[in-house]
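See structure below.
Computed from the coordinates by the stated procedures, all read-outs in this text should not be read as laboratory data. Quantities reported herein were computed from a predicted structural model and do not represent experimental measurements. Backbone-built Cβ (ideal geometry, glycine too); neighbour counts: all protein chains shown.
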Amino acid sequence: LQSIDVDSVLALTSFTHDVIPAISDLDQFDHMILYVPDKTDCSFVDTTEKDCDLRGVGPEGLGERTALLLDPGTNGFRLVQIPAYPTNGSVINCSRSIECGPDETSLVVQESLSLNGYVAGWTRGNLKEYDAGSYDQWYRRMFGESLGNIVVRSCVVSNLYDNSRPLLVRIDYENRFA
């Protein structure tokens, strides 16, 4: 980032436990992130996060944790707190239409999901394990036995590889009455 004139500083933090400021020991830290002081929507970025939109949300799992800024410049090395997660850090919008099946022994459901933030990143990571033609298997794996008599007809995913846009999932299924 510095090569394109964006100030940034490496920072050490911990996923596993709270950092104790009174103890000067690098063994307290188990993860490295990036601090970008001029970034307006979020000052910390986890460059190991490959599936989440990094704008507007702090690193997942690190909200309100302590970070050691490795700034050899004028500000020096110092401990700072990573901001808390924003209240809108994960948003799921859902719309659903339900109709009676042709023989009135089932319900035909069309469900559209729009996911943002952490939940979109988590879902993207899971969906990338499947081929585009087998997203219905992902849906069945996610909901398992709770699906009961549900038959997934189709599952279409959009923006899987574009983290800057909401993840869109459309699922068409039939719920057959027992």
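The P(r) of the stretch 87-178 has a tail past 18 Å containing 48 percent of all C-alpha pairs. Taking 0.36 nm per residue of sequence separation and removing the Cα-Cα distance, the K128/M142 pair yields an extension gain of 3.7 nm. When the Cα convex hull of the stretch 42-131 is projected onto planes of every orientation, the mean area is 8.8 nm². Placing +1 on each Lys and Arg Cβ and -1 on each Asp and Glu Cβ, with no other charges, gives the chain a dipole about its Cα centre of roughly 240 debye.
Restricting things to alpha carbons, find the Rg to Rh ratio for the chain using the Kirkwood radius for Rh. Ratio of gyration radius to Kirkwood radius: 1.13.
Each Cα pair under 8 Å and six or more residues apart adds its separation to the average, and for the chain the resulting relative contact order is 17 percent. Applying the Kirkwood pairwise sum to the alpha-carbon positions of the stretch 125-178 produces a hydrodynamic radius of 12.0 angstrom.
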